[in-house]
Amino acid sequence: MIAPASLDLGQAMYELMAELYPICRSITGDGLRQTLSIIQKNIPLAIHEVPTGTPVFDWTVPKEWNIHDAYVKNSHGERVIDFHKSNLHVVNYSVPVRARMGVKALKEHLHTLPDYPDWIPYRTSYYKESWGFCLSHREWLELKDGEYEVCIDSTLDDGNLSYGECYLKGRREDEVLISCHACHPSLCNDNLSGIALAVFLAKHLAGVSLEYSYRFLFIPGTIGAITWLARNRESVSKIKHGLVLANLGDPGRLTYKKSRRGNAEIDSAVMHVLKHSEQDYEVIDFVPYGYDERQYCSPGFNLPVGCLSRTPWGRFPEYHTSADNLDLVRPAALADSLAKCSMIVNLLENNGKYINQNPYCEPQLGKRGLYHAQGGKTEVKDGELAMFWLLNLSDGTHSLLDIAERAGLHFDRVEEVSQTLVEHGLLKACA
Amino acid sequence: MIAPASLDLGQAMYELMAELYPICRSITGDGLRQTLSIIQKNIPLAIHEVPTGTPVFDWTVPKEWNIHDAYVKNSHGERVIDFHKSNLHVVNYSVPVRARMGVKALKEHLHTLPDYPDWIPYRTSYYKESWGFCLSHREWLELKDGEYEVCIDSTLDDGNLSYGECYLKGRREDEVLISCHACHPSLCNDNLSGIALAVFLAKHLAGVSLEYSYRFLFIPGTIGAITWLARNRESVSKIKHGLVLANLGDPGRLTYKKSRRGNAEIDSAVMHVLKHSEQDYEVIDFVPYGYDERQYCSPGFNLPVGCLSRTPWGRFPEYHTSADNLDLVRPAALADSLAKCSMIVNLLENNGKYINQNPYCEPQLGKRGLYHAQGGKTEVKDGELAMFWLLNLSDGTHSLLDIAERAGLHFDRVEEVSQTLVEHGLLKACA
Amino acid sequence: MIAPASLDLGQAMYELMAELYPICRSITGDGLRQTLSIIQKNIPLAIHEVPTGTPVFDWTVPKEWNIHDAYVKNSHGERVIDFHKSNLHVVNYSVPVRARMGVKALKEHLHTLPDYPDWIPYRTSYYKESWGFCLSHREWLELKDGEYEVCIDSTLDDGNLSYGECYLKGRREDEVLISCHACHPSLCNDNLSGIALAVFLAKHLAGVSLEYSYRFLFIPGTIGAITWLARNRESVSKIKHGLVLANLGDPGRLTYKKSRRGNAEIDSAVMHVLKHSEQDYEVIDFVPYGYDERQYCSPGFNLPVGCLSRTPWGRFPEYHTSADNLDLVRPAALADSLAKCSMIVNLLENNGKYINQNPYCEPQLGKRGLYHAQGGKTEVKDGELAMFWLLNLSDGTHSLLDIAERAGLHFDRVEEVSQTLVEHGLLKACA
């Protein structure tokens, strides 16, 4: 399996993001449905609808929210805030409103970012019925006294929570979970980049022979993960490794947040790939805050799921503002993120354990043509060293990754050499 | 429970030390008895008397020593060394002597500190019958030739070894042991500061509702601890945590010497309090030398008992000299030591384990009013983070202290938030 | 047991190396036999002969190689390469050749070191039938066009593989293995220094009372270790500790390569000796490459065998060249290496576990004359501290080395004090 790292793929991911960008998504509703439907054009996707009111652990699936228009008009009938210019202008999940009010009353429903006067903030009010508008601080300063007409043409009714699931069957029932949230409106790095990565990773894996089965989730944050876990509680034990993908399009270095376990195979696998990337990177310990790893790593599940990002949430100023737009993300960064995801998957796919079939002393490699014939020289070749490490540590307790780490060699080199040794009958895969 | 840290308490401890300072204590005798009787005026104290000759493990309770007067007179009949000026002048446990001798013979029984010519050293000879005087090197240099009259009006007879025990009953039979030696004559930091701390900590705990039972020991060093352990051998398994207190009145930084186990809860508790104190401090590994932790941590007992000091024994020049007097110790240092002891006790009292009652995914905190309603902002509050950590790690294996350490938060914050979660039925204390 | 470190011993080892230096050794043949016979004059040695064709695990004992003469003559009949000047001139295990050829054809069989133009390289071709000559690059440059007469008067026939074994019986069946290879021709640091060390360590141990039994192996590298392991497969479990000795005569610092286990007693013992040597040293982790520890530490055996060197193989430029001669090694370095080996053996011999016979509190050392009578002073003596550590940690789980490491004291000090405590009935050796 070769990692797809070409800039063409980065460009294609970028174009998918551009297509999804204008849609007003939320944790329920038609924007989310439309998003899933575009994803479905790219990969096989089952779309699930879960009715409002369904109990999911300590939570309940909320009412479905849809919005058609929203604005604030001044006394001249001019739209001073217009949902059609940016869907961030409306506080996500705002209840319907039609009213007239003075500037003072209006301002109690307005949100701005004084530190970034040109940017519109992104705000939500999912679980408390409320309404509001977001706007740039510059626009806010220009609001004059007088009466304003306020309209939010939204609905908040019984309906469904939608999510998408792409399942790729491998030789094993054991699963790798790839999860991304799909509930943010016009925001790019968080979260369209995660969606684009997951789609293209699934596209790539759909075309190759797989050891593990792969499950890709495109879900609304928090409530979506909780809903999926509630509906699949009995089968989550199949998940052997998992990654939450988010913020993967900015030009910053890669950041891996470990699973709650901290020493799961996914943790070692990601860290190995990052360490051997010859690029700067950061690894952070698990914290019970962030994206949906919070739910996957809740103590009742404690799944081996980490989170891969470039610059993590909250650490770039554009986060949750209108400046997290198509200018913030780069095809090259997307391509690099995808290459790393592919390497991680490749490592998981091939990280077997083997048994040395000649555990007493070294086997004679020379008679098999595996070792140079002339003795006395000082240098040892990488590949020969990999052979010796594989033979020495393949006692059924060390995976190829364990051996690569112990030997200080790249997994790919060790894996390649392991196949040579298997072909010569010197190693045998553990059952 | 609020830590009592006021300077008033520091002053009160200082005054108790000033009251105890003039008494000539030893490992047995009336000075020790008089000391216990003053302690008894402050806290409920059972005073035990153990007869000379009682076997205690490998040791035997020694004869009781008492002293009324001691001096060396020169040929003019002037007292050149006078016990009534300082009880350090007599080697502690000196046998009775009445003799006349020349300066040369006399000097074989004299001890001085040439490096500190104004200070009188403190010397003992508990287990070998002997006699001697200690004096400043300056006085020693002035001793002229001629005959001297030597008198030590002491008794060394069958009697008793005395010690005091203050037991405060809590809800549990499990005990916290607080031990200090009470056998040094006019020396302040070592050991009157430890006595003062123990007395005021007991006073404080006597007034509050307690989870653990507390046992305070005021005992002669080594032989007292051995005697107490020999008489209580069957019940020491009740001791779950313990501290030896000594040298707690000087202005140096706090020093904690770990228990033999090195990873006992008392070790973590003290280190957490010191780490969050925003003061300089030191932690040292267990060494089988020092104070009575030597006995509590002997391999047959291996109790989880550490030792808390400010500047440890032997590391300040005044140690075991007449300069370890009321000028060396400070009310503010005593108050700070007491505050830390109270925090340690508070931590032990509240360091429970809890079970998350909604272990599958996060519970919905918002509907309980425990979480902000508006989403999208970047900052997370300390208290919200504490909630998430508590919910994530309360799987019955992590104590509140474990969670506080893992989260990098102060124990008090985590403990406070745990109570909120208990009130909302989200956490339940482990049985 | 006192470590023999005198320079006289260094000189004697050097002289043994000088006696062995001219012999043309290989992995089989008369040079090896002659070497074993010289060793036999120094220590009791059983010499074993294993016939060609004997299967040994994945290998087969090869044909026996012997050589009488070899040369290359120019058209004037002058020997431009002459085996009698240096046995390195012939590629070890070269098949017999008698031929005439031009310079171009000849050069395909010549090996030089362009970076070190005055040195002859050492090359072998044990397992592939081939022939060749090694010479200095300077000589190679002087080879003129014209016809050359090539002669290698060697035999490669059925015969035997020889090795020597010196067994010193101790009180226990448990064994310490000391192994060195004995197959290199005129090379000093690698490997005559290892032979000299093993011979003199055996000589020393033959004269003292031993706890362990000691087995010294003088074997051809790789095939010798494999042959010995194949013939002794059932009894290797007796080996409790082992060292491979090589490169011990150069003036560099000592280097210890750990066993595959990494935390075996031999690892701790060697590291303790090196740490307390007040000399620079290096410890490296196990790597499945190097000397015969590769075979002893193969996963089927996983014996606790490390490798002791001064400058390790491949890290000095003279390695495997004619410059690894009698000038490279020093009597003082050999003496120091032997002293360290003796200290390591001494530590293993005495590294018992003891049980404190008074585990409840400290025993009263003073009444046994083991402790100073006068109290109050600050300093503690090393020996007294060693007593307290021994009493505190002798609970049957800590060896003397564990205690020495924990106490930061030299093993010899702790061991000496342990004997005093045994004599006083305070410690008892574990069965």
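Values for this structure:
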item	result
Under 5 Å, built H, 5+ apart or other chain: amide partners of A:SER186	A:ARG25, A:ASN87, A:LEU88
Gaussian network model of chain A, Cα within-10 Å springs - most flexible of A:GLY31, A:GLY53, A:GLY102	A:GLY102
Ascending count of other beta-carbon atoms within 10 Å, so fewest first, for B:GLU362, A:GLU384, A:GLU349	A:GLU384, A:GLU349, B:GLU362
As computed over the range A:252-321, the Cα convex hull volume per residue (Å³)	73 Å³
Between helix C:411-423 and chain C: long-axis angle, C-alpha atoms, 0 to 90°, nearest 10	40 degrees
Prolate/oblate/rounded label for the range A:8-111 (Cα gyration tensor, a/c 1.5)	oblate
Potential lengthening between A:ALA373 and A:SER209 on full extension [0.36 nm per residue; Cα-Cα distance subtracted]	55.3 nm
Least to most buried among C:THR60, B:THR311 (fewest other Cβ within 10 Å first)	C:THR60, B:THR311
Position A:ASP69, label points 7 Å along Cα→Cβ, spacing to each other copy in nm (shortest first, one decimal)	11.3, 11.4
Placed amide H near B:LEU248: partners under 5 Å, 5+ positions off or other chain	B:SER193, B:GLY194, B:ARG310
Mean Cα-pair separation over length for chain C, i.e. relative contact order, pairs under 8 Å, 6 or more apart, %	18 percent
Karplus 3J(HN,Hα) series, Hz, for the range C:236-243 with 6.51 cos²θ - 1.76 cosθ + 1.60 (x for Gly, Pro)	5, 5, 6, 6, 9, 8, x, 9
Candidates C:THR255, C:THR112, C:THR54: whichever shows maximal mean-square fluctuation once chain C is modelled as a Gaussian network with Cα springs under 10 Å	C:THR54
Debye log10 I(q)/I(0) at q = 0.10, 0.11 Å⁻¹ for chain C, Cα point scatterers	-0.74, -0.86
Relative contact order %, the range A:183-324, counting alpha carbon pairs below 8 Å whose residues are six or more apart	34 percent
Axis proximity, chain B to A: residue whose C-beta lies nearest, plus whole-Å distance	B:ASN263, 11
Per-residue Cβ neighbour rank within 10 angstrom, fewest leading, B:VAL199, B:VAL150, C:VAL61, A:VAL380	A:VAL380, B:VAL150, C:VAL61, B:VAL199
Using a 7 Å Cα-to-Cβ projection, A:VAL422 label spacings across copies, nm, ascending	5.5, 5.5
Kirkwood Rh, Cα atoms: Rg over Rh of the protein assembly as shown	1.07
Global geometry of the range B:113-155, whether rounded, prolate or oblate, following the gyration tensor of its Cα atoms and the 1.5 cut on a/c	oblate
Nitroxide proxy distance, nm - points 7 Å out along Cα→Cβ at B:VAL422 and A:ARG98	5.4 nm
Separation in nanometres of the label points that stand 7 Å from Cα toward Cβ, at B:ASP285 and C:ARG315	2.6 nm
Dipole of chain A, positive end: most advanced residue of A:ILE47, A:ILE81, A:GLY10 [Cβ charges, Cα centre]	A:ILE47
Integer Hz, Karplus 6.51/-1.76/1.60 couplings in order for the range A:169-181, x for Gly and Pro	7, x, 5, 9, 5, 4, 10, 10, 9, 10, 10, 9, 8
Helix-only mean residue ellipticity at 222 nm for chain B, each DSSP H run of n ≥ 4 adding -39500 (n - 2.57), per residue, nearest 500	-8500 deg cm²/dmol
C-alpha long axis of helix C:331-350 to longest principal axis of chain C, angle in °	40 degrees
Backbone HN-Hα couplings from phi across the range B:215-230 [Karplus 6.51/-1.76/1.60, Hz, Gly and Pro as x]	10, 9, 10, 10, 9, x, x, 6, 4, x, 5, 5, 4, 4, 5, 5
Under-5 Å amide H pairs with C:ILE284, H placed in peptide plane, nonlocal only	C:TYR256, C:LYS257, C:LYS258
Zone of C:ALA332's modelled label, taken as backbone nitrogen in the range C:247-262 under 14 Å from a point 7 Å along Cα→Cβ	C:250-253
Rounded FRET efficiency, nearest 0.05, which uses the C-beta distance separating A:HIS84 from B:ASP395 and R0 of 56 Å	0.70
Cα long-axis angle, helix B:194-206 against chain B (0 to 90 degrees, to the nearest 10)	40 degrees
Copy-to-copy label separations for C:GLN11, where each label sits 7 Å from Cα toward Cβ, in nm and ascending	8.2, 8.2
Rounded Å value of the spacing that divides the Cα centres of the range B:19-37 and the range A:61-129	79 Å
Choice from C:PRO62, C:PRO331, C:PRO299 showing the highest fluctuation, given a GNM over chain C with Cα pairs closer than 10 Å	C:PRO299
Among beta bridges that DSSP assigns inside the protein assembly as shown, antiparallel share in %, nearest 5	65 percent
Bridge type composition, the range C:75-224 - antiparallel percent by DSSP, nearest 5	55 percent
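Every number in this text was worked out from the coordinates using simple rules, so none of it is lab data. Just so you know, these numbers come straight off a predicted model, no measurement behind them. Reconstructed Cβ throughout: ideal geometry from the backbone, glycine too, with neighbour counts over all protein chains shown.
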